[in-house]
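Q: One structure coming up, written as structure tokens, with questions to follow.
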Amino acid sequence: MSRPRYDWWPYVKGMIRRYPALAEQYKDLHSPSMTANYSGMPGGGGDARGMESLAIRELPGTKQREFEAVRQAIEVTGRMSSGGQRLRIIRLVLLEGSHTLSGAALDIPISYRQAKTYQREFIYLVARYYGLLDGE
């Protein structure tokens, strides 16, 4: 018996694939600027509340929600008993794109069926954190 097809499935996979770039953007937003102040004025030319401005900078709305959904799913998955294997499958197949699902399963080593289950459960977890599975 096959599983039903969801319209959101490719969107969530894309969200996971975009996560490394979003994480880099997020890190850049939250790191202090290392540019020197050449204005000649004491404390002038910049924001006097530098650390506060770092704390309030976020990614644009949808990107922030996508980033948080994947980040939360990674955090929860890492706490599972098989979290290391699960995250390695996700990293190799979706985040880095260096392996196919069967290749990643051979690399770990686990069965293809188990790797497929890990990937599916992670995608469902991201969809739930993003708010796509409210009624299910």
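Q: If you check every pair at least six apart or on different chains, which have Cβ atoms under 7 Å apart with a residue in segment 83-99 that is at negative phi and open to solvent by less than 60 Å² (accessible area, probe 1.4 Å) first and a residue that is part of a helix (DSSP H, G or I) and of a type in the set (Gly, Ala, Ser) second?
A: From segment 83-99, the pairs are 87/78; 89/104; 89/115; 92/104; 93/104.
Q: If you don't mind, there's one more thing I want to ask. Working carefully through the options 75, 121, find the one that is surrounded by fewer than 13 Cβ atoms within 10 Å (Cβ to Cβ) and out of contact with any Pro (no Cβ under 8 Å at 6 or more places or on another chain).
A: From the options 75, 121, the qualifying one is 75.
Q: Let me ask something else. Where in segment 1-90 are there helices (runs of 4 or more DSSP H), lying wholly inside it, with at least 1 residues that are modelled with pLDDT of 90 or more?
A: The qualifying helices (runs of 4 or more DSSP H) are 9-29, 61-78, 83-90.
The values are calculated or read from the model by the stated rules, or taken from the named source; none is laboratory data. These numbers come from a predicted model, not from an experiment. Glycine also receives a Cβ, built like all others from the backbone with ideal geometry; neighbour counts cover every protein chain displayed. Keep in mind that these areas ignore ligands, DNA and RNA; they rest on the heavy atoms of the full protein, side chains included. Shrake-Rupley method; radii C 1.70, N 1.55, O 1.52, S 1.80 Å.
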